[in-house]
1. Which members of segment A:383-415 meet the condition of being part of a helix (DSSP H, G or I), at the interface with chain C (Cβ under 9 Å from one of its Cβ atoms) and among the charged types (D, E, K, R)?
2. Being at pLDDT 75 or above and in contact with a strand residue (DSSP E or B) (Cβ under 7 Å, 6 or more places away or on another chain) is the filter; apply it to segment A:239-257 and report the residue that is surrounded by the most Cβ atoms within 10 Å (Cβ to Cβ).
3. Do we find that C:Thr242 is among the hydroxyl-bearing types (Ser, Thr, Tyr), farther than 26 Å from C:Tyr46 by Cβ, more than 14 Å from chain B (Cβ to nearest Cβ) and in a helix (DSSP H, G or I) in this structure?
4. Looking at segment A:394-421, which of its residues are crowded, with 17+ Cβ neighbours inside 10 Å and of a type outside the set (A, V, I, L, M)?
5. Got at least one residue in segment A:266-283 being of a type in the set (A, V, I, L, M, F, W, C) and under 25 Å from the mean Cα position of the chain (by Cα)?
6. Of the conditions (1) in contact with a Pro (Cβ under 8 Å, 6 or more places away or on another chain); (2) farther than 26 Å from C:Ala124 by Cβ; (3) assigned to a loop (DSSP other than H, G, I, E, B), C:Gly216 fails just one. Which one is it?
7. In this structure, is B:Ile295 more than 30 Å from A:Asn476 (Cα to Cα) and in a loop (DSSP other than H, G, I, E, B)?
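The values are calculated or read from the model by the stated rules, or taken from the named source; none is laboratory data. In this text, all values refer to a predicted model and were calculated from it rather than measured experimentally. Neighbour counts are summed over all protein chains in view; Cβ atoms, including those assigned to glycine, are modelled from backbone coordinates with ideal geometry.
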Amino acid sequence: MEEIKLSEYVLELKGITKIFPGVKALNNVQFQLKPGEVHALMGENGAGKSTFIKVITGVHKAEEGEMYLFGKKVDFKGPRDAQQAGIAAVYQHPTSYPDLTVTENIFMNHEIKKRGIIQWKQMNEEAQGYLDELDADFKSTAEMGALSVAQQQMVEIAKAVSTRARIIILDEPTAALTANESQKLYKIVDKLKESGVSIIFISHRFEDMYRLASRVTVFRDSQYIGTYDVNGITNADLIKAMVGREINDLFPKPEVKPGEEMLRVENFSRVGYYKNVNFHVRAGEIVGLTGLVGAGRTEVVESVCGITRQSEGKVFLEGKEVAIKNPTDAMKNGIILLPEDRQKTGLILSWGLGRNVTLPIVKKLSNNGFTNDKKERELSRKFLEDVDTKAVTIFDPASSLSGGNQQKVVVAKALAQDNMKVIIMDEPTKGVDVGAKAEIYAIMGELAQKGFAIIMISSEMPEILGMSDRIYVMCNGRVTGELSREEATQETILEFAMEKGGKKKREEAAK
Amino acid sequence: MEKKSLLKKITGSREASLVIVLIVLCIAVTIKSPNFMSAQNILEILKNNAVIMIMALGMLCVLLIGGIDISITSTLAFAGMTIGMMYKYDMIESTLLGFAIATAMGAVCGLLIGVIIAYGKVMPIIATMGFMYIYRGFAYLVAQDQWAGADALGSFKDFTLSNSLSFGLINNTITVAIVCYIVFFIVLKWTKFGRCIYAVGSNAEAAEISGINVAAIKTAVYTIMGTLAGLCGALATSVYASAQPNMLTSKEMDVIAACVIGGVSMNGGRGSVLGALLGALVLSVISKALPLVGINAIAQNTIKGVIIVAVIVLNVLTQRMMDKANLESREM
Amino acid sequence: MAGKSGRTISATPDKSLKKALLSWEGMLLLLFIAINILCKCISPVYTLTNVLREMPKYLTEIFLLFPMAYILLMGEIDISVGSTVCLAATMACLSSNAGVPFIGVLAVGLLTGTVCGMINGFLATRFRELPTMIITLGTQIVFRGIAEIALGDGGSVSLTNADGFRMIAGKVGPVPYMFFIVILCAVLFTVIAEKRVFGRSLYAIGSNSRTAFYSGVKVNQMLFISYTVLGLLAGVSALFLTSATYGANTTTGKGFEMDAIAMAVFGGISTAGGKGKLVGGIISAFTITCLRVGLGQINMNPQVILIILGALLICAVLLPNISQSISDKKKKASRA
């Protein structure tokens, strides 16, 4: 008689190896998930976390290794098998149907039918039930595309719950959420845990891990490094496991005496986006611009850089007013932007690194309008090497690089423009691993030392506090606070970001 | 969430605004020409535009998955010409058989296109452009420089003249159209297959991950389009009482235009059977109405084109106005 | 700023003859040679002189390939070109019959085409939310519709005095003037696309128009210019066409846009934008033309020729896809 071995784990993977053309994405990794636990999965970008999740959910099939679900060996032939086995995933970029309603999104592929006819009324009601449990503020008949990212994520979670998933995987769940929304998410995770669901989540944020998880597994360079108790581990230990080396000075902020005023923005307003925004940056300064997602920071700098147009307001460069009507004007005046979404607006993924770097300056490098390939190659090689891009040739397609390296290409592109005075970096380390982050901060510091004026938009408190000389906080389209490096704390920034500080200021001004 | 006022709901719904446009048009024309709204006239309009209306259903599905098909009139001609020749050379006599053959041919034509697009990963515009040439060529080959006239078609052409299908109530052609519309309405709204079509059009990647067989759905949609085109090949032959290899050349744009006016998005995922119907009706009313209000028939195409451009531009402008109003209502 | 790790990146381009031959354009060149050999074998009258004599019929379409390629490279499309040709030809004929001096007739033709192009350009740039497929679908109907109105009930017009047009249809030896102009345009458009800043920007817009915009590329300006130039060249094409047909009717130019797009796609230019080279389009245009001439000489049914072309087009796009998926499967299997 065969003994049925009951495992103590709800999910167990052993010896998983996954190979793509030319690269080993996973190398003999293991993983164990206990029933009812919340388990964090951490690691640098490119460490293999996303691939691993895709193996669990049946999207990829591992070349080697075994997977056990509730003690029984499983072999998924596709995502459907994983779903039917009770595994659901909520990805960072909602994979949903924007033109269809919330109900349809939740029930896609497992609609409620009677004799082949879809029962809309019943589905709408059931979907509403799931939404109510998650404390949602929208209806199940709402159109998916009209919802915010946080709301869409809630629908994805509702979808997972509706499939009676026993294991739910969350991929960077708080990446696009405000602090408020993150709190809501934490509560939802608590609820799910109470109902007996086991959860795996990937996150770069240590706060998420400490708040939610009981154990954390670290991957590095496609390999399994270890699983640790969240209570017993420190940040430094975790970083060491993730990066393989100690990062002592994460924020190498050099002491720079600020020079002349480089950029000043006065009374900037754009209907529906921001109002009465004033700020300035001096040479050698790093000014942090922070706030919750949706505060209007990106919208402001995009107007300053000519991508969009403000309804009113003036821009002064080195004391003189300048008119910026399009990106070319901004670049001519030495105002360079590193955009928020490097894949959609910062790079051309199908192009080689070299051509990406020289895109804004093709004309400058040209001979009477004829492109000068040789000059472009030399110049792009120089700047790509300067920022230490991990690539073999300048012809490597940008799509083949990791997030951190792609960001470095964007930086190289900015540096290559050569006449810059003001550099505006929008979320420069979003989706970038710890190692590359440190390198980008080092570059920022060097640029400040050279006398450039730097504006850094960021939602990550540590880098705002670590790198800025001064901090502006925005909320709901207005600047609600200005803090110096010394007086800034996480609490005061959050207050300003959530309007409490702003209201106080306005009340005081009214007195 | 704000409660939408009834007015906002109506102006927000493309279908609703089309109904209003249609009503306004009909009233305007009837004022000038009281005969317009007579039952006879309405039925005549429906009969003459049945082919475009039916094919608009197929195009609706194709557009819903984010594709396009410009080969439909070539398939139509190929199917129609084939049965025309079969009637001419007395290879078949029964009307039913003629319809069956034409529809089956259309299905095969559509299937081939679907397989090449879904599994061969060829872009729809290119694939259907290629087949547009191929199927039209086949139509000419079958014709061998001849054509099938009224006498050659025998009793087949009587199909359009009789009311047999609806037990004497309405013209057969219109009955066929009504049946098609009912079927598609049910399938698209109440069956899983129909909802999968919307899903694939809205986000094909997500559909794939959900476990939906995207390639199969795409193939099915193009097959459906081909089937309808084949059916319409037989129908057109009957309506025009002749089969010629150059039947309905360039009319594929009319079918696409009907869908566009009807609010079907070319990006996929948006559109309805009602919209396609209204779009086709608006177009057919306009063409019939123009001569009645004194506009020369020769200007028909220009007016049609101007209306299409006006509709899509208006669409954009109203969307921009709504966005602007949204922004202005935001409290800063 | 020194790189911290001292890592170097290579900047030497990898140029090899083998790579060039195996590229799409290389294969097309081989195909061109093969087709010419084939035609020579099957048609006894397939000589250079004969081919050049029959070229004018096709040259009018080859013209449109170049500006259409620019539009396709940017990821857009224009299906109204045939109608523009019709309208320009109609206006030219009507003005010629009305007594306008030949220079004026030329101006009318070119101007009509340019205005049509500008209308497309205006709509495409002012209403970026609209797919250009739909915009040009509308203008396709309008432009031909206007021609229909201008042509009146007869639906056609014949030149009463074809002297001026006969001039355009002249030749230098066996080579028609048109051929030189086509070659000139071919060279011009290719050089601009490959070697000029304008060309680099075209490819940028087609690959990622948002990044291009953020990087300072004047996207709207380039769209407008490209559509206008396409309209202008449609006008040129109309004039040359009229010099062969001595008239215009409501079906003039029908299908020109499809042929231009087909030649471009066959030449490796993707309708998605950012991919393909003009050289490919040129080689494919002449390949297809030679095939048509050759097959026409052996009196093959013109419809059959169309079928062959349609099949060729599909194979041209299908075969690379199939070979790609076969090689992917092989890689997977070899690792198992």
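1. A:Glu385, A:Asp386, A:Lys413
2. This residue is A:Met242.
3. Taking the combined requirement at face value, the residue satisfies it.
4. Correct list: A:Phe395, A:Asp396, A:Ser402, A:Gly403, A:Gly404, A:Asn405, A:Gln406, A:Gln407, A:Lys408, A:Lys413, A:Gln417, A:Lys421.
5. no
6. Here C:Gly216 clears every test but (2).
7. yes
Here is a yes/no grid of residues against (1) over 30 Å from A:Leu338 (Cβ atoms); (2) modelled with pLDDT of 90 or more; (3) not polar (S, T, N, Q):
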residue: C:Thr160; (1), (2), (3): yes, no, no
residue: C:Ile205; (1), (2), (3): no, yes, yes
residue: C:Arg210; (1), (2), (3): no, yes, yes
residue: C:Ile225; (1), (2), (3): no, yes, yes
residue: C:Val236; (1), (2), (3): yes, yes, yes
